[in-house]
Amino acid sequence: MTTDDKIFISLISTTGKVLLAESGEGTIMIEKQLHEISELFGYQLNILCLSEYLEITVYHGDEHIYHSIIQATPGIASLSRISAVKTLLYDINSGLTLEKANEKIQEIATAPAIYPAWLRVIGTSFFAMGFAPLVFATWTEIWINGVLGLVSGLLCVVLEKTRFGILFPLIASFTIGIIALTFFYDTAMSYGPVFLIIPALFICIPRDTMSAAAGEIFLRQINCWISAVNLCIYVLTTDGNRNFVGDGNNECDISCTRQR
């Protein structure tokens with residue numbers, strides 16, 4: 001294995017890990033981007049991309065030089081990191097050397113978050129308050145979502161660096177649901193608890209993530225959000241059936257009548 005081979009392996013492995021870690025909104029482009037890099041530097045790849053794993057086999061000509069399985073858990077995508085990788089791909093297409101490309105991807109992979117944790121918490125609160133008018137009509141629900149957004153942002157920055165980061169959507173949903181039903185019970189009952197907490201939880205499973213997962217189902221890709229899409233379809237279907245067969249006062253439905 002030559003020095004260039006080692007540099008290329010470092011470049012392609014780190015790029016794959018960064019792309020996989022930021023793939024919460026879709027893994028469709030990962031294989032294409034890695035193949036594009038390899039072709040520009042005269043290598044060939046055999047890639048299997050799963051929701052949290054990326055298997056890469058590297059060939060140089062007819063010689064098999066490397067095989068690895070890369071693991072990364074997708075979370076809330078960092079737009080700055082995604083943008084930096086796209087800029088790097090453009091630079092590689094423009095003639096960036098292998099050594100410089102590897103140096104840049106290492107910098108991208110190890111770069112700290114652009115915004116401090118406290119500002120991200122406030123930003124999450126503002127996001128929830130900005131989204132709330134699309135669901136509610138009064139200021140009361142808007143400031144309530146500001147409070148719930150603070151809790152959601154705080155949980156995000158606390159959990160993301162721990163082993164419980166993968167459980168953030170579950171923990172955030174449970175915590176915010178309990179807070180909403182405990183401290184804002186009357187409002188939750190007026191609009192429905194799910195509607196009240198949707199803006200504050202929107203950073204957990206945003207709709208563009210669900211759209212990307214649906215697209216990957218169509219393209220026969222395996223994505224970590226496919227199970228979430230299936231769950232949403234189930235919930236919407238059962239909720240629709242309940243509303244269809246129930247009366248306007250939710251006193252009784254067909255299933256209850258049959259049981260009686």
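A few notes on this one:
- Local charge for SER152 was computed over the other residues whose Cβ lies under 13 Å away, with Lys and Arg +1 and Asp and Glu -1, and equals 0.
- Approximating the spin labels as points 7 Å out from Cα along Cα→Cβ, the LYS17-to-VAL194 distance works out to 4.0 nm.
- Cβ crowding within 10 Å averaged over residues, with 157-164, 100-107, 7-14 ranked highest first: 7-14, 100-107, 157-164
- Database remark: amide H of ILE70 closer than 5 angstrom to the amide H of LEU54, GLU55, ILE56 (H placed geometrically; neighbours at sequence offset of 5 or more, or on other chains; Pro and chain starts carry no H).
- Separation between Cα centres of region 62-133 and region 159-180, rounded to whole Å: 23 Å
- The stretch between ASP62 and PHE174 holds 35.0 nm of extra length on full extension. This uses 0.36 nm per residue minus the Cα-Cα distance.
- Zero-based 10 Å bins, Cα pair distances in region 1-53, whole percents: 24, 55, 19, 2
- Share of alpha-carbon pairs per 5 Å distance bin for region 41-140, given as whole %: 2, 9, 11, 15, 19, 13, 9, 7, 6, 4, 3, 1, 0, 0
Laboratory data are not the source of any read-out in this text; all were calculated from the coordinates shown. What you see is a predicted model; the values in this text were computed from it and never measured. Note: ideal-geometry Cβ built from the backbone for every residue, glycine included; neighbour counts use all protein chains shown.
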